[in-house]
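Beneath this line is the structure, given in structure tokens, with notes to follow.
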Amino acid sequence: MKKLSAAVNALDKRSHINREIYGHFSEHLGRCIYNGIYVGEDSPIHNTDGIRNDIIEAFKEIRLPVLRWPGGCFADEYHWRDGIGEKSSRKKMVNTHWGGVTEDNSFGTNEFFNLCEKIGCEPYLAGNVGSGTVEELADWIEYITFDGVSPMADLRRKNGREKPWKLKYLGIGNENWGCGGNMRPEYYADLYRRFQTYCRNFSGNELFKVAGGPNVDDYNWTDKIMGIIGDAHAKAISLHYYTIPSGDFSSKGSATKFTDEEYYRTIKHAQYMDRLIDKHSAIMKKYSDNMKLAVDEWGCWYDVEEGTNPGFLYQQNTMRDAIVAAVTLNIFNSRSDIVCMANLAQVVNVLQAIILTDGEKLLKTPTYHVFDMFKTHQDSELLYSFTENAETNGIPAVSQSVSLNKDGSMTMTFANASLDEDFEIDCAITAFSASKVSARILSGDVRLFNDFECPEKIKPAEHTAELTEKGVKFTLPKCSVACIILS
Ligand code: AHR
């Protein structure tokens with residue numbers, strides 16, 4: 001087995017890892033909300049106020065820190081007033097982006113904020129700029145956050161919620177260069193300035209405003225909006241980047257049937273996130289030292305599963321997705337100086353979901369387990385770390401990140417993308433003495449996935465790691481993700 005040396009320096013703290021980097025995204029798309037998170041109060045599936053209890057538990061288990069809603073493309077067609085009040089009289093609409101299905105608005109503002117309270121996570125709203133008005137968005141913020149007497153706060157009270165909710169994260173539109181209005185950056189940037197002006201900080205609530213950033217490598221978009229918006233009116237800009245095996249939206253490739261060559265190409269595309277962050281942040285730095293990046297849509301996007309609605313974006317999730325998730329989260333940790341938040345697309349039954357459901361059945365995907373194994377990075381301090389390079393099929397095989405937790409323990413996460421080589425990692429650690437080590441591993445054939453007949457084919461197992469004089473030693477099997485905790 002090939003030996004690789006690694007190093008960590010506990011004195012070299014690099015940046016704070018915001019827990020929001022471990023965020024998720026829930027859109028009114030396919031079975032993410034309806035028949036996913038939300039089954040309605042009358043469902044035979046155990047629920048609280050219509051939200052599946054098993055989903056609430058699963059979200060809490062990984063400490064899901066922030067949830068983005070209601071879209072996506074859906075956000076720029078969503079009119080929040082249609083989703084409040086008596087359910088039977090809520091207005092219906094066509095979900096034109098996603099399958100042309102009827103949206104009955106039974107899951108709306110009150111349901112979303114109550115869901116976030118149940119999970120204990122921050123809500124992240126995507127406001128409607130594409131087809132909405134400044135007044136409509138301003139009223140939404142007042143409805144949610146104003147404590148005094150006002151038309152919107154009174155409306156909230158009439159709908160059964162006395163106290164305002166807290167709202168920190170607010171996105172002003174979504175993909176404004178595409179489904180969110182097909183705008184030019186100059187036009188959007190001016191609109192952004194106007195819309196955000198009327199989104200007020202009510203009753204001690206403080207908004208963290210996110211401007212609609214670039215698609216993938218549209219550096220011109222970043223340059224233009226940074227020039228016009230600057231950091232006076234926004235705290236972050238978004239970035240959207242999906243990992244597509246073929247690199248081509250028209251024929252993306254199957255989630256479960258792929259060649260080794262396609263697999264390595266997928267990992268290479270996932271690793272590209274690092275370069276995107278580098279280049280966009282270099283442009284952002286020309287204008288501001290404070291502006292952050294919210295990668296509020298990322299993940300693998302494949303062809304839909306056979307026999308499912310093409311507009312529902314339902315796909316399976318294999319060990320390949322686990323490697324992509326681990327590689328990407330290691331990148332986000334390593335770039336936590338600039339990445340303040342990230343939201344995997346999407347949380348249930350859509351794209352690289354962490355949970356799949358079928359009626360009352362529920363399974364946790366390999367990607368879910370990666371979020372579980374990485375959760376102690378949340379709100380920790382990134383440390384300098386390094387692993388000797390091992391190439392596999394033209395890409396670096398091993399990725400890692402290491403952080404120091406508030407409780408004094410150290411979390412190390414590793415991914416081995418190689419399909420045929422195990423490695424022995426010998427890690428030297430400076431300025432940290434551990435007396436205890438525990439390790440977990442997620443590994444298996446790259447095409448393995450959990451299904452409803454066998455929902456636990458892939459789940460983390462205990463792993464062996466040995467404390468050494470210099471630090472810690474363990475094996476990293478081919479196609480695996482490992483988490484080592486030292487205390
Ligand atoms: O996540 C699916 C879609 O991808 C979102 O609605 C949109 O923002 C992006 O193009």
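We did not get these values from a lab; they are worked out from the coordinates using the rules stated. If you're wondering where the values come from, they're calculated on a predicted model, not measured in any experiment. Positions of Cβ are generated from backbone atoms using ideal geometry, with glycine treated the same way; all protein chains shown enter the neighbour counts.
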For the range 193-336, give the magnitude of the charge dipole about the Cα centre (Cβ charges: +1 Lys/Arg, -1 Asp/Glu; no others), in debye to the nearest 20.
740
Which FRET efficiency, nearest 0.05, do Glu61 and Lys286 yield, Cβ-Cβ r, R0 41 Å?
0.50
For the range 275-321, which GluC sites (Glu not before Pro) pass both filters: DSSP loop (anything but H, G, I, E, B) and at most 16 other C-beta atoms within 10 Å?
Glu305, Glu306
Measuring from centroid to centroid over Cα atoms, what is the spacing of the range 6-26 and the range 420-455 in Å?
18
Of every Cα-Cα pair in the chain, the percentage lying beyond 28 Å is 52
Test of understanding: what is the full-extension gain from Leu11 to Asp104, defined as 0.36 nm times their sequence separation minus their Cα-Cα distance?
28.0 nm
GluC sites (Glu not before Pro) within the range 383-478, DSSP loop, no more than 10 other Cβ atoms inside 10 Å
Glu453, Glu456, Glu469
On the formula 1/(1 + (r/R0)^6), with r taken between the Cβ atoms of Lys2 and Ser435 and R0 of 45 Å, the FRET efficiency rounded to 0.05 is 0.95
Divide the volume of the convex hull of the Cα atoms of the range 296-418 by its number of residues and quote the answer in cubic angstrom per residue.
126
Can you list residues from other chains, or at least 5 along the same chain, whose modelled amide H is less than 5 Å from the amide H of Ser401?
Thr413
I want to check the label-to-label distance for Phe249 and Thr468. Put each point 7 Å from Cα in the C-beta direction and report it in nm to one decimal.
4.8
I need to check one value: relative contact order of the chain, counting alpha carbon pairs closer than 8 Å and at least 6 residues apart, in percent.
19
Cysteines without a disulfide-compatible partner in the chain, using Cβ under 4.7 Å as the rule?
Cys32, Cys116, Cys121, Cys199, Cys300, Cys340, Cys427, Cys454, Cys479, Cys483
From the backbone phi of the range 450-466, what are the Karplus-calculated ³J(HN,Hα) couplings (6.51 cos²θ - 1.76 cosθ + 1.60, θ = phi - 60°) in whole Hz, Gly and Pro given as x?
7, 10, 6, 7, 9, x, 10, 4, 10, 8, x, 10, 4, 10, 9, 9, 10
If you take the alpha carbon radius of gyration of the range 220-369 and divide it by 2.2 N^0.38 Å, what ratio comes out, to two decimals?
1.13
Identify, among Phe25, Ser43, Ala6, the residue whose Cα sits farthest towards the positive end of the charge dipole of the range 1-65, taking +1 on the Cβ of Lys and Arg and -1 on the Cβ of Asp and Glu, with the dipole about the Cα centre.
Ala6
Only helical DSSP H runs with n ≥ 4 go in: add -39500 (n - 2.57) per run for the chain, normalise by residue count and round the 222 nm mean residue ellipticity to 500 deg cm²/dmol.
-7500 deg cm²/dmol
Tell me, how many Å apart are the Cα centres for the range 310-328 and for the range 226-246?
23
Between Glu360 and Cys454, Cβ-based FRET efficiency (R0 25 Å, step 0.05) works out to 0.90
Per the charge dipole of the chain (beta-carbon charges, Lys/Arg positive, Asp/Glu negative, Cα centre), the residue among Cys199, Ala345, Ile458 reaching farthest to the positive end is Cys199
Cα centre as origin, Lys/Arg/Asp/Glu Cβ charges: the chain dipole, Debye
920
What does the range 20-87 give for Rg and for Dmax, in Å, if only its C-alpha atoms count?
13.0, 36
